[in-house]
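Everything below concerns the one structure shown next.
The values are calculated or read from the model by the stated rules, or taken from the named source; none is laboratory data. Since the structure is predicted, the reported quantities are computational estimates derived from the model, not experimental observations. Positions of Cβ are backbone-derived with ideal geometry, glycine not excepted, and every protein chain shown enters the neighbour counts. What goes into the accessible areas is simple: the full protein's heavy atoms, side chains included, and nothing from ligands, DNA or RNA. Shrake-Rupley method; radii C 1.70, N 1.55, O 1.52, S 1.80 Å.
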Amino acid sequence: MARESGRDAPNGNNFKTSRRRFLGSSGLAAIGAVIGGAMPLSRNDGGIPQAHAQAAPAATPPSAGAPAPAKGPQYLKYPGKHEGLVVLGERPLVAETPESLLDDDTTPIEKFYIRNNGQVPEETKDPDAWKITIDGEVNNGLEITLGELKSKHKAVTRRMVLECGGNGRSQFSPPARGNQWTNGGAGCAEWTGVPLADLLKKAGLKPSAKYTAHYAADLHLSGDASKPTISRGVRIEKAMDPNTMIVWGMNGQPLPNIHGGPVRLIVPGWTGSASQKWLTRITIRDREHDGPGMTEFSYRTPIKPMVPGGKADPANFRILESMPVRSIITNPANGAKFAAGTKELKLRGASWAGDLTVRQVDISSDFGASWQRATLEKPKNKYDWQRWTATLKLPSDGYFEIWARATDSKGAMQPHQAGFWNPQGYGGNAMHRIAVLVG
C-alpha cells in the first residue's frame, strides 16, 4: 500500500500543551513531552512512562511569585525544511521529526531530521569537482571527483533508514548527556550513489586493513580548521557491505547541503554518526579508529550493566554498531481527540531493527494487559523500514493509551522503558505510546 504523499494532518485534533519534564514520587526525572502532539509524559512509582491526553485548562493569570510556565518546543525555521521539526540544539544545529510527520513510506527531505556536529559548510558551486580521497592501508591510494564517481560507476538507489545513535535518549532516567531525542532522530529516504566497496576494491585493501576512518569538510565549532568535528569509522566488514554507500542523491534530487551534500556516506543500520556528511576522505586503518567520536563513552554502551547515574569505566564500554529494534505510531498523533461514539481507530506506523529485520509489531490499548498483532509490510529492500497498520476496536468513549511494541528477527523485543543506562544515552528504545480522547 503506497503512501508516498505527505500526511501533515493526522486523524484527530491535537491538544496544545507545553513540552515539560515531570518528576514521579520516586524522584526520577520523567521523559519529556512527545514532540508534535506535545503530550506530557509522567512516570508512575515503577518508572514506567505514561502518556496523557486531556483538554488544556482555561488560562488563568499567574499569581505573584509563581514560577514561569514551562517553555514549549522551539520549531525549526530553515529553508526547505518543515516547520514542524523541533530544534534540540542550535550550535550545532540539531532538529528532530515528530512521529506524526514520519507517516510517509519515503521520508520527504523537508521532514528529514537534522544532526550536525560542526558548522554547516557553504554549499559548493561545483558539486562534480568535489574530491574524495581513499588512502591508508590500501595498495593504490586514489582520489576521485564526484563527477568521475557518477560517470565511471553504476549508480544504485536504495530506500534505507538513517538513525541518530542518540535516538530515544530522552527516555533515560536519570537524564543522559546530549540532545534529548524522543523517537524523531530517524528517517527513511531513497539514497542514490555507489557502494563504498566498489572504491575500496579499486584501491586494493591490504591484509592489514581493519577499520575505516571518515573525514569531512564541516568546520569545528571552535573555528579551528585543524580539528575534525567528528571522525568515526566502521569495521571493514561493514564497509564492504554492498548497502554501505557513497551517495549524492536523496529522493531523486541532488543531496541537499544540510544533509551532507554534495556527497556523503550512508552506513545503514548503524549509528548515523558513521554516515559522514560532506565526505572528503576515507583512510583505511590497521586498527580500530580513534578519531573524535570514537573514544571513551562516545557512541558506546556498557558491556556489564552499570548503576544508572553511577561512575562509568571506559574499559567497560564497547562501540554501538547495529541499532536496536524500534517501532513508532505515525497516525494518529499523540493527543488526538475523536468524536463521541467512535468505535475503532485506524493505526499506522513504522518499525526497523538496525542490521536485522522486524518480525512483528504488537499494539496494546490496555497498558500491556493484552496485545493485538499489527499487519506488517515487507521492506522494499534491506535496511528499509517496515510499515505497519492495525485496526483498534474501542470499548467505549474515554481516555486510551496506545502502545506499540516491535520484535526483531532474533526475538529481541522493545522494553517498557529504556534500560542499560549509559552516560551518553545510547540504545534507548522503549515502546512508543500515544494518548487519545474519544468523546
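Key figures
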read-out: Number of positions in region 393-418 that are closer than 12 Å to Ser351 by Cβ, open to solvent by 20 Å² or more (accessible area, probe 1.4 Å) and among the polar types (S, T, N, Q); value: 1
read-out: Test for Lys378: is it without any contact (Cβ under 8 Å) to a residue 40 or more places away in the chain and either more than 19 Å from Met431 (Cα to Cα) or open to solvent by 40 Å² or more (accessible area, probe 1.4 Å) (or both); value: yes
read-out: Hits in region 104-115 (condition: assigned to a loop (DSSP other than H, G, I, E, B) and hydrophobic (A, V, I, L, M, F, W, C)); value: Phe112
read-out: Within region 279-307, considering residues that are more than 19 Å from Leu196 (Cβ to Cβ) and in contact with a Pro (Cβ under 7 Å, 6 or more places away or on another chain), the one most open to solvent (accessible area, probe 1.4 Å); value: Glu296
read-out: Test set (1) open to solvent by 30 Å² or more (accessible area, probe 1.4 Å); (2) closer than 13 Å to Trp385 by Cα; (3) among the aliphatic types (A, V, I, L, M) - Val361 fails condition number; value: (1)
read-out: Close pairs from region 64-86: first at positive phi, partner at pLDDT 90 or above and open to solvent by 50 Å² or more (accessible area, probe 1.4 Å), Cβ under 7 Å, at least 6 apart; value: Gly80/Glu110
